[in-house]
Each structure stands twice: as C-alpha cells, then as structure tokens.
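Below is one structure; the comments refer to it alone.
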Amino acid sequence: MPFGILDPKLPAHQRVPGTVHLYEAIHGVDQFTSSNLKRDGNIILVPQPSDSPNDPLNWSTRKKDFVLFIICLEAIMASTVSPILASSTIVLVLYFNQGFQPIALLTGWHLVGAACQSVIVTTIFVKYGKRFPYIFASAVLVGSSAWAAVATSYRSLLWARVLQGVALAPFELAVNASVGDMYFVHQRGVRLALVSLSIFGTTFLTPIITGNVTNSLGWHWMFWLVLIFSSVTLILVFFFVPEHVYNRDKRLDTDVVGDDLAQQAPSDSIVSSDVADDDNEKIPSTGQQEEKETYLHSLRLFSGSKTSRPLWKIFLRPFALLLHPAIIWGCLTQGTMIAWTAMIGVVLAAVFMGPPLWYNEVKVGYMYTGAVVGAVIGFVVAGVLSDFSAKWLSRRNNNIYEPEFRILLAIPQMICGCIGIWGFGFISSDMYKYSQYLPPFFFGLETCGMILGAVASASYITDAYRDIQIEAFVSMLLFKNLLSFALTDKAYPWLLGSGIKRCFTIIGAVQLAVSVLTLAFWIVGKWNRYIMHRYNILRILHLE
C-alpha cells in the first residue's frame, strides 16, 4: 500500500497496466532484459521506443518540442475564440438588440459545436492519425473567423461561432494525447502543463485584448485579428507538424500492457514513446528497422490506417467510457473547474457593467488580469510539481511509478479552487462594500486551481490509460462543454433568482465534494486500473 494507494495482490509475474519501473528492470516483458532495455541515463524509457527512425519516440527532443510548440500555438488560436465575446457583451446586446442570455449562448452553442465535432473527429484521430485533423481544424478556424468578421446578423454570427467550435474540438481533444505520442512518462508532466496553459490558461488573456479592440476598432475586428494570426499558424501546422501516431510492437508499449499480456504477438495498436535528447545515442536493436521518411513524404495528409477497428466502433467508444470510473473522475475534476470559469464570466459581464461600477468593455476585460496571473502560477506549480513529485515518489516506492502520483496536484487545486470560488461569490455579491480589486484576485485563485486540475486529470489519464486516451478526452470534453453550455444558458435566471452569494456557495460546495472524491481516487485508483483491465468495459460491449 504505497503512500496509501491500495495495491491489488497479484502474482509476481503480473502487474497493473500503468505501473512501471522507472529506475530498474521491468520484469517479464518478453525478450527484454535489464541489460537491453533502453534508458535515458538511469531512467528506463517508458514506453520503449522501436528502432525505426520514423518512430516519434526516436525523434530528438528538440524536434518534439518544436512540433509541440506549433501545435500549442494553434491550440491557443483555437481556444482564443471561446471567450472572445466575454468583455463585449453589452456592445453585442445593443448591436443585435438581444438580451443577455442570447448573447451568452453565442458562446454556449460554440461549445456545443466543439462537443459534437469531438465525437466525429475522434474516429479520424484513431483511424488515420492526427496530422489531417489538425490541418483541417486550422483551415476551419480561418474560414469561420472570416465569416464571423463579416457577420451582420445574430443568426449569422451564431453559425460562425458553431463552426469555430468545430475548429476548436481537435485541439481541446488531442494535444494532450500528442504529448503521450511523443514523450516518455518521465518527460510528460511539464509538457502537459504547457498544453493546459495553452488551451485553458491563455484564454483569459483574450478578454483583456478584445475589450480594447472592440472599444477602439469595433467588435468585428476581434475576428479579423483571429483570421490573420490563425492563417499564419495554419501554414506552420502544415509544414512543420508531421504525423506522430505510430504503429509499434505492442510489447514495447510497457505502460499499457500488464505482464500477463507481454507474451502476446505484435498487434495493430496505436502507441507512442520518447527518445533521448541525443540523436546519436545508441540503443539496442529490437529488430524493427525502416528507411527514414523524407521531409516531402512527411507532408502528406494521410499516412495510412492506424488500426483495423471499424469506424462505428471507434465512434461509440467515448460514450461507453462514460461508465468508466476513472473517466468519470476526469470529467468531474477537469470539467467542473472549467465550467465555473464560464459562470464567473457571466457575473463579470452582468454585474460589473452595471451599478455601482458601470464598467465598459475595456475595464471588464482588465478584470481577467487576475485570471491570467492565476493561470501562469498554476502552470508553474504544475510544471514543477508534476514530474518532480512523480520521480520523487517513485524512488521512495522501490523505483516503481504509479500514475496516481500525478493526482497529488489535487491538493493545491482544492485549496485554490474552493477559496477562489467562495471568495469571488462573496465579494461580488456586494460591490458597494468591497474593493474592486478583490474579485480578480479570487478569480485568479480559481483559474490556478483549474490549471492544476486540468494537468492532474490529463496526466493521469495519459499515463494510466494511454491506450484509450483519445476516447477518454472525448468523454471529458463532452462533459465539460455540455456543462458549460448549461451554465451559460441558465446562469442569468439562476443569478437573478438566487443571488450571486448563494449560487457560488453551492458551486464551491460541489467543487469541494469533487476534490474530496479526488483524494478518495488516490486510494482506489490502482484497484480501479486492475478491475478495468480485467473487466474491460469496451471488451464487454464488443467495442475492442
């Protein structure tokens, strides 16, 4: 029972998928021995890379980081459009002669578009890889931004926003999985923190910028700027993001299969691993040699089918995973904190543009400064703690790594998140009495907790269930976006009926319950991995 984690009593030759040795030999992995396992210094590479130069795990760290940097740039552009209207609510109310709720639904239906597209695009990710969906989504972002920039009616802007949600889905869905495709377990923490900052954290910078843009140039120019910059990132994605889903001998995928599966023959599966920093590092042969792919060849949109699984099965798998306890935990841990930020955005637009402050769109935009600072602090804390704590705990656990070590971030998430939610609601309910600078401070605490929760859930799912990570992230995105849509649809009536303080008291209580559930999952997470491996939901439903 390492650090309170319940450990199923298994025979010596078996282990739970996701549990790996980081600093000594992995026993029972077919032909491998402690002398020929590939290492980065004294750390065993998990998963094990093949000998092919086309294996993304065998790319140099510089190349992988450059590819991830470009994907994150495009993810920032795609994520920017979610809160792009936050500081311009009053302007749009007057322009379209609509109420607050229809304007809020411009964001709500945008999130629904992302949720619907996520189910469709996952079939392409799993079947054909990630390059084409990334390029397609980048192109849709350019086109939908052009549409929004010239929209003159509410209905026209609404459909442009739905299409922008379609463009957002692949990046919300798959960038975390791209980290799993290219990096080893011991390298993922800081990269997943960067991804969470790119997708969730930088969105809080958007209202600060767009408030000034709307005030100076008009609201259409928000979308013209997105069009300009997303056109540049589309070019970068096309020329510098090659396919990084790679079919590899499943026995090399040591973080996915338990030792009872290690004797299986190579199968058609999507796996990934990382490589050492030195391009010239010698690694033992595993008998899987290929000719290195040329740059021109890497520009093709498709590189063949990655799995023999039928498309209809791939389509249904995310829905089946909503029955998976770990996926339910991930939905709650990540989805609730992100949804609460949507609720805070509603309060900022409705309350701070009215008495006693009467803020314009510029000042409302500046209210997101605290959220930006909180997101950056969350990124730094998560980046430092995630990999460090995993390695530190592994060394004190007989050199054995457990994915539950990533859940440690839930402790600062609970503290920052709950204090931020309750503090924001309490202060915002009586702005006649309290300083105008306190709501941004508490908003910053909430976003700090949001980033920590996003990193904790994404890194845990990636390390514990990497074979189903794409489908898992679809399930999480569906939950998050539909919850956020429900809040944007019902937020104004709820606030008017119950008051800000009561609403945020309830929200904070829900978040505390989710955080307590996370601490419980620390204890039973490994047992759950064992049970879900033995009684596989997808296998039971014939979706394997």
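The values are calculated or read from the model by the stated rules, or taken from the named source; none is laboratory data. Bear in mind the structure is a predicted one, so any value in this text is a computation, not a measurement. Every residue, glycine among them, receives a Cβ derived from its backbone with ideal geometry; neighbour counts consider all protein chains shown. Side chains included, ligands, DNA and RNA excluded: accessible areas come from the protein's heavy atoms. Shrake-Rupley method; radii C 1.70, N 1.55, O 1.52, S 1.80 Å.
If the Cβ limit is 8 Å and pairs must be 6+ apart or interchain, which residue in segment 355-375 that is open to solvent by less than 20 Å² (accessible area, probe 1.4 Å) pairs with which residue that is aliphatic (A, V, I, L, M) and not in a helix (DSSP H, G or I)?
Here the result reads 364/353, each pair linking segment 355-375 to a residue that is aliphatic (A, V, I, L, M) and not in a helix (DSSP H, G or I).
Among the candidates 76, 124, 120, which residue alone is open to solvent by 20 Å² or more (accessible area, probe 1.4 Å) and in contact with a Pro (Cβ under 7 Å, 6 or more places away or on another chain)? It would help to see each step written out before you state the result.
On the way: 76 fails: in contact with a Pro (Cβ under 7 Å, 6 or more places away or on another chain); 120 fails: in contact with a Pro (Cβ under 7 Å, 6 or more places away or on another chain).
So the residue among 76, 124, 120 that is open to solvent by 20 Å² or more (accessible area, probe 1.4 Å) and in contact with a Pro (Cβ under 7 Å, 6 or more places away or on another chain) is 124.
Can you tell me which residue is nearest to residue 420 (Cα to Cα) among those in segment 495-512 that are in contact with a Gly (Cβ under 6 Å, 6 or more places away or on another chain) and of a type outside the set (Phe, Trp, Tyr)?
Kept after step one, since they are in contact with a Gly (Cβ under 6 Å, 6 or more places away or on another chain), are these residues of segment 495-512: 500-501, 504, 511.
When the remaining residues are screened for being of a type outside the set (Phe, Trp, Tyr), the result is 500-501, 511.
Values: 500: 14, 501: 13, 511: 11 Å.
That would be 511.
Being touching a residue at least 12 places away in the same chain (Cβ under 8 Å), over 25 Å from the mean Cα position of the chain (by Cα) and in a helix (DSSP H, G or I) is true for just one of 164, 117, 101. Which residue is that? First the steps, then the outcome.
Values: 164 fails: over 25 Å from the mean Cα position of the chain (by Cα); 117 fails: over 25 Å from the mean Cα position of the chain (by Cα).
Residue meeting the stated conditions: 101.
Scan segment 517-530 and tell me whether some residue there is surrounded by fewer than 21 Cβ atoms within 10 Å (Cβ to Cβ) and of a type in the set (Val, Ile, Thr).
Within segment 517-530 (the criterion being surrounded by fewer than 21 Cβ atoms within 10 Å (Cβ to Cβ) and of a type in the set (Val, Ile, Thr)), the answer is yes, since at least one residue qualifies.
Answer yes or no: is there a residue in segment 495-510 that is basic (Lys, Arg) and at pLDDT below 90.
Initially, segment 495-510 is screened for residues basic (Lys, Arg), giving 501-502.
Subset that is at pLDDT below 90: none.
No.
Condition first: over 22 Å from residue 72 (Cα atoms) and among the β-branched types (Val, Ile, Thr). Now tell me which residues in segment 124-154 satisfy that.
The answer is 150, 152.
Does segment 170-198 hold any residues that are β-branched (Val, Ile, Thr) and crowded, with 24+ Cβ neighbours inside 10 Å, and which are they?
Our first condition is that a residue be β-branched (Val, Ile, Thr); within segment 170-198, this holds for 175, 179, 185, 190, 195.
Once the filter is applied, which keeps residues that are β-branched (Val, Ile, Thr) and crowded, with 24+ Cβ neighbours inside 10 Å, segment 170-198 yields 175, 179, 185, 195.
Name the single residue, out of those in segment 303-352 being in contact with an Asp or Glu (Cβ under 8 Å, 6 or more places away or on another chain) and within 30 Å of residue 444 (Cα to Cα), that is surrounded by the fewest Cβ atoms within 10 Å (Cβ to Cβ).
Going through the qualifying residues, I end up with 341.
Hey, could you check segment 203-218 for residues that are crowded, with 21+ Cβ neighbours inside 10 Å and touching a residue at least 40 places away in the same chain (Cβ under 8 Å) and say which is farthest from residue 148 (Cα to Cα)? Outline the logic, then answer.
Looking only at segment 203-218, we keep the residues that are crowded, with 21+ Cβ neighbours inside 10 Å, and these are 203-204, 206-207, 210-211, 213-214.
Checking which are touching a residue at least 40 places away in the same chain (Cβ under 8 Å) leaves us with 203-204, 206-207, 210-211, 214.
On the way: 203: 18, 204: 20, 206: 16, 207: 17, 210: 14, 211: 17, 214: 14 Å.
So, considering only residues that are crowded, with 21+ Cβ neighbours inside 10 Å and touching a residue at least 40 places away in the same chain (Cβ under 8 Å), the one farthest from residue 148 (Cα to Cα) is 204.
Where in segment 436-544 are there helices (runs of 4 or more DSSP H), lying fully within it, with 1 or more residues that are small (Gly, Ala, Ser) and in contact (Cβ under 8 Å) with a residue 60 or more places away in the chain?
On the way: elements: 438-464, 469-498, 500-534, 537-540.
Fully inside segment 436-544 and qualifying: 438-464, 469-498, 500-534.
Consider residue 421 against the criteria (1) out of contact with any Leu (no Cβ under 9 Å at 6 or more places or on another chain); (2) modelled with pLDDT of 95 or more; (3) open to solvent by less than 20 Å² (accessible area, probe 1.4 Å): it satisfies all of them except one. Which criterion is unmet?
That leaves (1) as the condition not met.
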